[in-house]
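Read the structure below first, then the notes.
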Ligand SMILES: Nc1ncnc2c1ncn2[C@@H]1O[C@H](COP(=O)(O)OP(=O)(O)OP(=O)(O)O)[C@@H](O)[C@H]1O
Ligand SMILES: [Mg+2]
């Protein structure tokens, strides 16, 4: 890497001398200017990579000079020097795109840390990585992002159910995108102009949930002072999204079953039979068949709900989706936080791809929001990411990004090994994730000579 150029603009000779000497010893090429005019001239003629700028100069408003530098060369990184009590100026400088600030008296360790961060940003900018464009943020808000095979399958299902009024059951871990998928189905359907109404079945006690869904008559229960229309009445041709359906009590399960079978219901405390045309999409984290097996959920209702089932895999089973999700979220968060993070170095992406993301996409999104808050400059260095759980020791080198070019058998072998490790060698679970039969999995395990880890032969 070429030596980086640092321009120091400060009217105090002692600061200029100390900084020059110290930074030169650390391998930087340094020049200094004693006022704004000299600083401006050196900035134009010498083209520094980094400017350390005193915000209080005898001849120039430091904030204006900062702005000028940034406008002429947006890639230039400016660290400002502020004095005690300069809070407002510091905030204004950060808003005008300063990379960071140093407070007087300058602490050498802090100086080194910040200058090195600038240097890393400059190196990573030109290294391999992903460029984030503005366009990413403009995508439609209900767009489900991802390019893994598993997600492509889900896109197909969304496409095929959106033209009908079929009931859909969406199952998946927390934060995998169940609600987003429900919205995508609704907003790509012909009834997109009708309401999409989401109700969390676990958040309300039995009577209140019944009243929310089906409405109530005046005096139906204490507090029912007037007739209320329920969501099934209000939804028209729209969609009712029943989140956490497994939490629904048996009494409400019976009422819902009737809606699904006959499209009829009564308000709580009422005799009049009403009909509904709403489409029902339900979501659950615990697999409903297990709830049925434990006697907590009606089997007949389960079959009515699972006409079409979408299983949303956790993020760790589709790491290929992470880069596109990162691009999407960074563009979106840039807009939201008025940031300008434009580059994700491969090194950062590797780290993101390798994390476990137990909270799935929601956790990824939150981690990126935090990283962007921490991020200085336009390049998302690895050090800005919030700490994650460490990959367990003994784990293989995680997914290559970008994937190493190799033959299909090696990829298959590695992938099967990874899935088996993930399921702790539960072959039934592994075969489900891999979407192959148990005998096929057994055959491949023999073929590749795979062994469980604590087996002495392994
Ligand atoms: N494929 C995706 N593309 C873009 N954003 C996504 C995707 N999947 C999820 N998200 C975002 O992640 C967050 C969590 O998604 P969502 O609320 O749909 O998850 P969920 O499965 O309903 O979670 P929970 O079970 O905890 O309610 C949301 O902000 C959503 O927009
Ligand atoms: Mg949800």
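The values are calculated or read from the model by the stated rules, or taken from the named source; none is laboratory data. Just so it is clear, the model here is predicted, and its values are computed rather than measured. Neighbour counts run over all protein chains shown; Cβ positions are idealised from the backbone, glycine included.
Determine if segment 124-142 includes at least one residue that is away from ligand 2 (no atom under 16 Å from the Cβ), crowded, with 17+ Cβ neighbours inside 10 Å, under 27 Å from residue 180 (Cβ atoms) and modelled with pLDDT of 90 or more. Checking segment 124-142: not a single residue is away from ligand 2 (no atom under 16 Å from the Cβ), crowded, with 17+ Cβ neighbours inside 10 Å, under 27 Å from residue 180 (Cβ atoms) and modelled with pLDDT of 90 or more.
Let's see how each residue does on (1) touching a strand residue (DSSP E or B) at 6+ places or on another chain (Cβ under 9 Å); (2) assigned to a loop (DSSP other than H, G, I, E, B):
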residue: 146; (1), (2): no, yes
residue: 150; (1), (2): yes, no
residue: 154; (1), (2): yes, no
residue: 189; (1), (2): yes, yes
residue: 192; (1), (2): no, yes
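Residue check: residue 87 meets all listed conditions (1) under 20 Å from residue 378 (Cβ atoms); (2) within 33 Å of the chain's Cα centre (by Cα); (3) free of Cβ contacts under 8 Å to residues at least 40 places away in the same chain but one, namely (1).
Test residue 371 against the stated conditions and say whether it is within 30 Å of residue 99 (Cβ to Cβ) and either at pLDDT 95 or above or more than 28 Å from the chain's Cα centre (by Cα) (or both). Spell out the reasoning first.
Numbers: within 30 Å of residue 99 (Cβ to Cβ): yes; either at pLDDT 95 or above or more than 28 Å from the chain's Cα centre (by Cα) (or both): yes.
So residue 371 fits the description; yes.
Taking segment 1-95 as the region of interest, the strands (runs of 3 or more DSSP E) fully inside it that hold 3 or more residues being in contact with a helix residue (DSSP H, G or I) (Cβ under 6 Å, 6 or more places away or on another chain) and either outside the structural domain of residue 111 (by TED's automatic domain parsing) or within 20 Å of residue 105 (Cβ to Cβ) (or both) are 5-9, 77-82.
If I ask for residues that are more than 9 Å from ligand 1 (Cβ to nearest atom) and within 23 Å of residue 200 (Cβ to Cβ), which ones from segment 155-183 would you list? Steps first, please.
So in segment 155-183, the residues more than 9 Å from ligand 1 (Cβ to nearest atom) come out as 155-169, 171.
Passing the criteria: 158, 161, 165, 166, 167, 168, 169, 171.
Residue pairs whose Cβ atoms lie under 9 Å apart, sitting 6 or more positions apart in sequence or on different chains, and linking a residue in segment 178-199 that is without any contact (Cβ under 8 Å) to a residue 24 or more places away in the chain to a partner that is assigned to a loop (DSSP other than H, G, I, E, B) and buried (at least 19 other Cβ atoms within 10 Å of the Cβ), are 192/238; 193/238. Among the residues making up segment 378-389, those that are touching a strand residue (DSSP E or B) at 6+ places or on another chain (Cβ under 9 Å) and closer than 19 Å to residue 332 by Cβ are 378, 379, 380. Mind checking which residues of segment 215-248 are surrounded by fewer than 17 Cβ atoms within 10 Å (Cβ to Cβ) and farther than 25 Å from residue 194 by Cα? 218, 219, 221, 222, 223, 225, 226 - these are the residues of segment 215-248 that are surrounded by fewer than 17 Cβ atoms within 10 Å (Cβ to Cβ) and farther than 25 Å from residue 194 by Cα. Where strands (runs of 3 or more DSSP E) fall entirely within segment 266-352, those with at least 1 residues that are within 16 Å of ligand 2 (Cβ to nearest atom), touching a strand residue (DSSP E or B) at 6+ places or on another chain (Cβ under 7 Å) and touching a residue at least 40 places away in the same chain (Cβ under 8 Å) are at 279-284, 308-312. Every listed requirement among (1) within 18 Å of residue 74 (Cα to Cα); (2) surrounded by fewer than 13 Cβ atoms within 10 Å (Cβ to Cβ) is met by residue 116 save one, (1). In this structure, is residue 117 at negative phi, touching a strand residue (DSSP E or B) at 6+ places or on another chain (Cβ under 6 Å) and more than 16 Å from ligand 2 (Cβ to nearest atom)? It is false that residue 117 is at negative phi, touching a strand residue (DSSP E or B) at 6+ places or on another chain (Cβ under 6 Å) and more than 16 Å from ligand 2 (Cβ to nearest atom). Assessment of segment 168-178 against the conditions (away from ligand 2 (no atom under 14 Å from the Cβ), modelled with pLDDT of 95 or more, more than 24 Å from the chain's Cα centre (by Cα) and surrounded by 20 or more Cβ atoms within 10 Å (Cβ to Cβ)) yields at least one matching residue. If you go through segment 236-258, how many residues are more than 16 Å from ligand 1 (Cβ to nearest atom) and either in contact (Cβ under 8 Å) with a residue 40 or more places away in the chain or not assigned by TED's automatic domain parsing to the domain that holds residue 184 (or both)? Residues in segment 236-258 being more than 16 Å from ligand 1 (Cβ to nearest atom) and either in contact (Cβ under 8 Å) with a residue 40 or more places away in the chain or not assigned by TED's automatic domain parsing to the domain that holds residue 184 (or both): 12 in total. For residue 202, the conditions (1) within 14 Å of ligand 2 (Cβ to nearest atom); (2) modelled with pLDDT of 95 or more are fulfilled apart from (2).
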